[in-house]
Amino acid sequence: MFKLIKAIMPRSENFFDLFEAQAKKAQEAAHTLRAILDGGPDTADKCARLSTQEEEADQISYEVMQSIRRSFITPFDRSDIKALSSALDDAVDQMNKTGKTVMLSDVATFHPNMRAMGDRIILLADILVNALPLMRNIGTHSGQLHQMVGEISRIEEQSDQMYDSGLKDLFKTTPKDQALDFIIGAELYDRLEKVCDMFEDVAHVMSDIVIERVSARHGRRFRHLPSGLPDRRSPVLRPVERDARCRELHRYHRLDTGAVALPGGPVGSFLELLGLFHRALLRLRSQGRLDHR
């Protein structure tokens, strides 16, 4: 019966491929950004390449959003999928904004702490490239994922220290009659620090997903709902907030494989009945009144 329920509600398997593609695109952009911070006559070409990589990352993010709308069953909550993809895309966007600042300000030389922050950005991107494939099996890799999230937070703290010391050195070394150089340098530091913050945001979303999935395995399936929303506290159905673009509430049925958004009309009613029937089967099986065969 369980196989029948899963069979009639097909599951999309391409989300993890898209996440990993986003992470690799962020890694490529991180290396391009680091090359920009080396300066040189080809800085403009590097900035153009970074802009192209940002457009490619946007396309992958768009495909994630389309996959959410096409899929009945997802590996985890739709809101988490959207948050993870958006956070990855924001990191690449922020790197591209850094490149645009370099181009618009015609910066030719960069401070050592800027290059050091660029090195940290590469480290953060590398960790995500290694971490995203582990999300395919959270139960097995939850401990390793937790360590990676902690490492990302540690590197982000290092970047914060570099940001503070870099601004201090910039203020001390900039002549008083070159205030514009200080403003431009401070903006570059701010951009680089925000890139690191974006990567930490990705880690926070991953951590939330891991905590929810591990908690679900121990019977704690319900997250805190937004204030004002009714909480039915049902082990099968509860309201969740869907994609902000839709701006409407849907009910969903949680199986061990993920979450199913229930549409309205006859189809939604049929799926809700399936969920209730599935719940009844579980109760009978737990009471020993149903043959496991």
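Here is how the numbers come out for the structure above:
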| quantity | calculated |
| --- | --- |
| Members of segment 119-140 found to be free of Cβ contacts under 8 Å to residues at least 60 places away in the same chain and open to solvent by 50 Å² or more (accessible area, probe 1.4 Å), listed by number | L123, N130, N137, T140 |
| Lone unmet requirement of (1) hydroxyl-bearing (S, T, Y); (2) open to solvent by 30 Å² or more (accessible area, probe 1.4 Å); (3) in a helix (DSSP H, G or I) for T109 | (3) |
| Unmet criterion (only one of (1) under 30 Å from V214 (Cα atoms); (2) free of Cβ contacts under 8 Å to residues at least 12 places away in the same chain) for A35 | (1) |
| Only listed residue being modelled with pLDDT under 95 and of a type in the set (S, T, Y), chosen from S51, S12 | S12 |
| Contacts under 8 angstrom Cβ, first residue in segment 172-186 being in contact (Cβ under 8 Å) with a residue 24 or more places away in the chain, partner in a helix (DSSP H, G or I), 6 or more apart | I184/T101; I184/S105; G185/L170 |
| Which numbered condition H204 misses (of (1) closer than 25 Å to D106 by Cα; (2) open to solvent by 50 Å² or more (accessible area, probe 1.4 Å); (3) part of a helix (DSSP H, G or I)) | (1) |
| F76 vs. criteria closer than 30 Å to I209 by Cβ, at pLDDT below 95, in a loop (DSSP other than H, G, I, E, B) and open to solvent by less than 50 Å² (accessible area, probe 1.4 Å) | yes |
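The values are calculated or read from the model by the stated rules, or taken from the named source; none is laboratory data. Please read these numbers as outputs of a predicted model, since none were measured by experiment. Note: ideal-geometry Cβ built from the backbone for every residue, glycine included; neighbour counts use all protein chains shown. For accessibility, only protein heavy atoms count, side chains too; no ligands or nucleic acids. Shrake-Rupley method; radii C 1.70, N 1.55, O 1.52, S 1.80 Å.
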